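As structure tokens, the structure follows; a few thoughts come after it.
Just so it is clear, none of the values below were taken in a lab; they were calculated from the coordinates. Since the structure is predicted, the reported quantities are computational estimates derived from the model, not experimental observations. Here the Cβ is made from the backbone with ideal geometry for all residues, glycine too, and neighbour counts use every protein chain on show.
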Amino acid sequence: MHAGHRVLDADAHVVEPASVFGELARDSMDLPPTTPFVPCGDADKIADQLSNGFDAPSYLRAMDREGIDAVVLYPSIGLFVPFRPDLDARASADACRSYNDWVAAYCADDPSRLAAVGIAPLADPGLAAAEARRCAELGLVGVLVRPNRLYGRNLGDAAYGPLYDALETTGLVLAVHEGLGLKGPTVGADRFEGFALRHLCSHPLEQMTAMATLLLEGVLERHPSLRVAFLESGTGWLPYWLGRLDAHHEWMRDTECAGLPLTPTEYFRRQCVISTDPDDDLAAWTISRVGADHVVWASDFPHPDALYPDAVASFLEEAGEHGLSGPPLDTVLWDTPARFYRVEDRFAGGAPG
């Protein structure tokens, strides 16, 4: 708890040990030489975690220092390894299984505070669906997919129907998460060499294209109980993008969008959330447009841009400056992510006093 607010971090990251992916972890990313790699921008801040290999006990201590009560964990190297273009579908599936087994065991150290999403082999939608069902059996709360156009398909492609069916059946979240460094198509990587410009473009623009394909190519119409999270890209683009999607939906309502009875904004309100960042100065404005029940807070710990140990404090200060307080603030920090990930009961008694 921080300053009287219960906090559920909706997107923080584990640091997988080398054994999870073995040799596949080597040379798994494509990054400029200027890429920042120091966790939290200062290794001294996380000396405890580094000296203990980011094990679960040291991770919980980092959460305590921040005032974070519970967390939903995402991979680090797992953002890249299963999607390497040199892996066939079976090798990708094996990598996903290894990570999912490991992160489920990691969360078992304190399931009242730790939850995680798994990863699935998008190279084969059938295998991805099977792994999603296994993620549910392991107690994971969602499945991460990348927003990029992989394997010649967008996320809106009907070929992913088996995966989305499995997520609907199991109740797991579809977690759309970019990560610069993919050895594959990424917005910005085709025109920029430096880290700043590539990173600047990749996260929000890949999420915008992912949202467009999921909404306008009918995934949420075909899968009305699928819950989708758009993560780690800020919030300020969302009202603009929903407005533009709505306008194109209206424009093409008798042709390309004839099978979509709801507007993109209506589909989003029915099924989606977006994550805000500790230093997102547009969060309050976005919340005023889409509602606090569609926004979750995330730290991105311990990646290089994470503000640890001041992430929660920074967000609360930013929120106060922009008039976000009271019930809407607590909804973003706890109620919305707890409901969306369906962890209300799991995390009911796990927060420190």
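Worth pointing out:
- Considering residues of the stretch 233-250 that are in a loop (DSSP other than H, G, I, E, B) and crowded, with 21+ Cβ neighbours inside 10 Å only, the residue farthest from the chain's Cα centre (by Cα): THR235
- Residue check, GLY179 touching a strand residue (DSSP E or B) at 6+ places or on another chain (Cβ under 7 Å) and buried (at least 23 other Cβ atoms within 10 Å of the Cβ): no
- Within the stretch 136-170, considering residues that are over 29 Å from ALA105 (Cβ atoms) and either of a type in the set (Gly, Ala, Ser) or touching a Cys at 6+ places or on another chain (Cβ under 7 Å) (or both), the one surrounded by the fewest Cβ atoms within 10 Å (Cβ to Cβ): GLY152
- Candidates ALA319, ALA284, ALA298 - the one that is touching a residue at least 12 places away in the same chain (Cβ under 8 Å), surrounded by 22 or more Cβ atoms within 10 Å (Cβ to Cβ) and under 27 Å from LEU167 (Cβ atoms): ALA298
- Segments classed as helices (runs of 4 or more DSSP H), wholly inside the stretch 39-130, with at least 2 members that are of a type in the set (Asp, Glu): 56-66, 89-107
- Screening ALA120 on (1) over 20 Å from GLY78 (Cα atoms); (2) surrounded by 24 or more Cβ atoms within 10 Å (Cβ to Cβ) shows it passes everything except condition (1).
- Close Cβ contacts (under 8 Å, 6 or more residues apart or on different chains) running from residues in the stretch 120-132 that are touching a residue at least 24 places away in the same chain (Cβ under 8 Å) to residues that are of a type in the set (Gly, Ala, Ser) and not in a helix (DSSP H, G or I) comprise LEU127/ALA120; ALA128/ALA120; ALA129/ALA120; GLU131/GLY118; GLU131/ALA120; ALA132/GLY118; ALA132/ALA120.
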